[in-house]
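Read through the structure below, which is laid out as structure tokens, and then see the notes.
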Amino acid sequence: MKQVIHAPSFLANYQMWCAKDKISEVADVEFAALITRICSYATQFLPSPSHAVDQIRGRSLADIRDTCTNIGNNLATTCEILDWKGTLVRVQHIIFAALKVSCEGRTAQFWEGIASACRAAQKAGIHTHLTSLMESQLGKDSAQELERDVQRRTFCSLYVLDSHLSRQLDRIPFLPNHLVEQTLPQLHLIPDIGHIPAETAARAPDIFTERLMQVQLGLFWRGLGLQRTAEFDPTESERRYDKFNPEYLSNLHPAFAVAYPDTTLDQALPKLPMQRQLLYLEIFDSICWNFRPLLLLKPNQVASLAPYKKVLLRSQKQRLGMAALKVLEAVTALHTMVGGSHTRFSAIIFNSEPAILLLNLCSHADFPFDQDDNSPNLMGIKVRMTYQIAMQAVEQAIRRLQMLAELSDMSASGARVAIQLFVRTLQAKQPSSPLALSSSVSGSLGPARSPTPIGMYGEQEKWPSLEAGDPYSMPDNLFSMAQQDSFPNPQFSSLDFPMLWDDS
């Protein structure tokens, strides 16, 4: 799904590598590092519905994972000593090492891994583009051109990871836009879609189309030059939002359209529905990112705004809530597609963060839940937004995190923070009720903790990992029970905005 390698060409190279009598070149060792790191990353997704046991041929998955990780790290270190420059394969195995730690919730190491991959890509020169004369000499069907296009695709995938993580952490990305603009893939690799009309096959998206549209998404938002150090201005965020539809959404492939996607090829291309949800995750998350700083505005700052800016702020709060709902909707759809069971897939875990956005918005007394025909939509999409719908979406996200917490410390941390905010939000709606905690909910929360402000996200605050027992259990009827019972107010500032993930 990350499109770091091109599977057919990787398989061909693997078969040639296995057929060699001996390892005689650094490139062979580098390829071995890639194999071991792919294996280490793959074990993050086992057990699975198709492989329910936690062993392979009598050996535990944890042992296999640790062995592959250690071998891959040792081989990578050796290759860097023998050849400082490296090749595409080095970039690929560094990316897989970074993806592996992202599944473990180690955000700081993931960020460092992306930085290392960006350095390796530029040292290897895979970002440089061939001149049109050289490319014409290669020929359209040559193996060299395919290899070159695989380099372009890997570089684009790295740019997508860099753009996503820098946006999530509000940091400066490593790769400048002009490098990827000169390195866009040029081949259309037609997928094997069986016996369908030629006209239908001609409009089928390439397997890399989703990644390419994520590249364009990164180019759009980064091209606006948003400075997070400046105070949030509703008119500027509205200007960016107004540009998004004509300059980005209108250029999406029909199979990935946000409003009415063409789903006629979903059966022929099994990965297409999953890729669509991955793209939706990023699209709606980027809208959240555009409006998220409005939550940092203090009451005196809001009071000082011009009347028209207050109107904009109100509609933008609605759009932020709608976008958060759409992210959670895409996460739920994606989780269902992978079996609805335990997974360490970071796109499912990390993108449950909009639950915190919704809880924060639900705690605002002036949040415009009541909608009519004149209320704002989200990129032309009507999204029903009520307090109950928002809280039920949050509850569903919490339950997903609790289930995934059995395998993921990142999910455990997120579940704990979300439950705390869930209780706080419910209490804010019932200020006059007696202060009494349900024992089952109280036990799930543990001692009260102050949440992490948004400005500290991913920098200092660390939430505890899953402890012994099940400290995150939440009653099956928490939402309905909360409408009857009452909860103590932890006395948090309404603008203290915790994020789900630590930076360990």
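FYI, it's all coordinate maths here, none of it is from the lab. Treat the numbers as computed from the prediction; the structure is a model and nothing was measured. A quick note on method: Cβ atoms are made from the backbone with ideal geometry, for glycine too, and the neighbour counts reach across all protein chains shown.
Relative protection proxy for 249-259, 143-153, from highest mean packing down: 143-153, 249-259 (other beta-carbon atoms within 10 angstrom). Separation of the stretch 65-102 and the stretch 297-319 by C-alpha centroid, Å? When both Cα centres are located, 49 Å separates them. Electrostatic tally near PRO173: other residues with Cβ closer than 10 Å to its Cβ, Lys and Arg +1, Asp and Glu -1, net +2.
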